[in-house]
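For reference, the structure is listed below as structure tokens.
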């Protein structure tokens, strides 16, 4: 099928970036005098602070590679993104980064931050944005605001620039625009009978938003949303389902392609929800407090306690809004936060008479045959 010009331009740019993220980083740094690149696990990280320093936030997504060297540093019962990203740090792939900022989303992320700080301090600054364990307490926002000030000062000192509050406010505008554009894209692609993209292309487009500078990425996305192509790809046929469990990690594209080939159509997902979960931050007032409040008002995820927003209610609402006939819990192996939540979520979908299935994955495992069989059987069951 012929791609529409706006969609084709967006997809081509995103594919190029996701195929070789470090090539994009090198190109951006060559075009940006004094530009600094800051890697991060793509969830719950204040990218506004990085933009405020004139930097480039770079999502770290691991890959389908052997982790023989990384296994000497990290236990093999940690998730594959932690081990494969560490392999990239060891083999020099990430040497173009100037700093790496980790969120304390799980024990594995905390572990790898410590290991990287010990072993790679000569390559780049390693720090952690220490988020509160609870997002619904009175002290959550003040604590996080103070932590954001500290992180901003630490990065500024490393880069030899001033940590100016005045630069944070336009960075908030840019980050808000990025999240809003991605949310709008997710709604656009889920519309029945219009021009929804398949899951692999959607993952590529959203993933590129964690690598490209927002000033380059957002106009491409807004161009598509502002003038939808009449000949953009239509939604694939299949039984509509919701996909959840992918806050900070993705399987290989071949794995994601199994959904359409198995007779399913993903109409609701939380691909990279960690990057688009936060509410828009206020521009006026204390910018650090504004960013902190946006995290506190984020969508519910497995990694933080969020008493005001129940995750199962959020999931069920999205399933109903999108007309999904079932739910697929796609959970990374050894992801403790998601595995703690998945049984409770499956029980809630069962109470709501929504069929569900749990699929686990590990980057690079190549076990697609049995998964396709299970997905095909699930599609036949709920059709």
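Kindly establish whether residue 78 is touching a helix residue (DSSP H, G or I) at 6+ places or on another chain (Cβ under 7 Å), surrounded by 19 or more Cβ atoms within 10 Å (Cβ to Cβ) and free of Cβ contacts under 8 Å to residues at least 24 places away in the same chain. Spell out the reasoning first.
Values: touching a helix residue (DSSP H, G or I) at 6+ places or on another chain (Cβ under 7 Å): yes; surrounded by 19 or more Cβ atoms within 10 Å (Cβ to Cβ): yes; free of Cβ contacts under 8 Å to residues at least 24 places away in the same chain: no.
Criteria not met by residue 78.
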Only one of 299, 253 that is under 28 Å from residue 369 (Cα atoms) and within 18 Å of the chain's Cα centre (by Cα): 253
Name the one entry in 109, 141, 184, 146 that is part of a helix (DSSP H, G or I) and modelled with pLDDT of 95 or more. 146
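Looking at 42, 72, 12, 89 in this structure, which one is farther than 18 Å from residue 158 by Cα and at pLDDT below 85?
The match here is 42.
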Any hit, the range 45-61, residues being out of contact with any strand residue (DSSP E or B) (no Cβ under 9 Å at 6 or more places or on another chain), crowded, with 24+ Cβ neighbours inside 10 Å and either closer than 21 Å to residue 335 by Cβ or free of Cβ contacts under 8 Å to residues at least 60 places away in the same chain (or both): no
Take the residues in the range 339-364 that are touching a residue at least 40 places away in the same chain (Cβ under 8 Å) and outside any helix (DSSP H, G or I); name whichever of them is surrounded by the fewest Cβ atoms within 10 Å (Cβ to Cβ). 364
Test residue 158 against the criterion of being modelled with pLDDT of 95 or more and closer than 18 Å to residue 39 by Cα, and give yes or no. no
Out of (1) out of contact with any strand residue (DSSP E or B) (no Cβ under 8 Å at 6 or more places or on another chain); (2) at pLDDT 90 or above; (3) assigned to a helix (DSSP H, G or I); (4) within 24 Å of residue 211 (Cα to Cα), the one residue 166 does not meet is (4)
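Under 14 Å from residue 311 (Cβ atoms), buried (at least 18 other Cβ atoms within 10 Å of the Cβ) and out of contact with any helix residue (DSSP H, G or I) (no Cβ under 6 Å at 6 or more places or on another chain), is that true of residue 331? Spell out the reasoning first.
Values: under 14 Å from residue 311 (Cβ atoms): yes; buried (at least 18 other Cβ atoms within 10 Å of the Cβ): yes; out of contact with any helix residue (DSSP H, G or I) (no Cβ under 6 Å at 6 or more places or on another chain): no.
For residue 331, the condition - under 14 Å from residue 311 (Cβ atoms), buried (at least 18 other Cβ atoms within 10 Å of the Cβ) and out of contact with any helix residue (DSSP H, G or I) (no Cβ under 6 Å at 6 or more places or on another chain) - is not met.
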Out of the range 119-150, which residues are closer than 30 Å to residue 72 by Cβ and in contact (Cβ under 8 Å) with a residue 12 or more places away in the chain? 119, 120, 123, 124, 125, 126, 127, 128, 129, 130, 131
Based on this model, can you work out whether residue 171 counts as touching a helix residue (DSSP H, G or I) at 6+ places or on another chain (Cβ under 9 Å), closer than 29 Å to residue 128 by Cα and not in a helix (DSSP H, G or I)? no
Filter pass, residue 97 being buried (at least 21 other Cβ atoms within 10 Å of the Cβ), closer than 18 Å to residue 54 by Cβ and touching a helix residue (DSSP H, G or I) at 6+ places or on another chain (Cβ under 9 Å): yes
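The values are calculated or read from the model by the stated rules, or taken from the named source; none is laboratory data. In this text the structure is predicted, and so the values were computed from the model without any measurement. Note: ideal-geometry Cβ built from the backbone for every residue, glycine included; neighbour counts use all protein chains shown.
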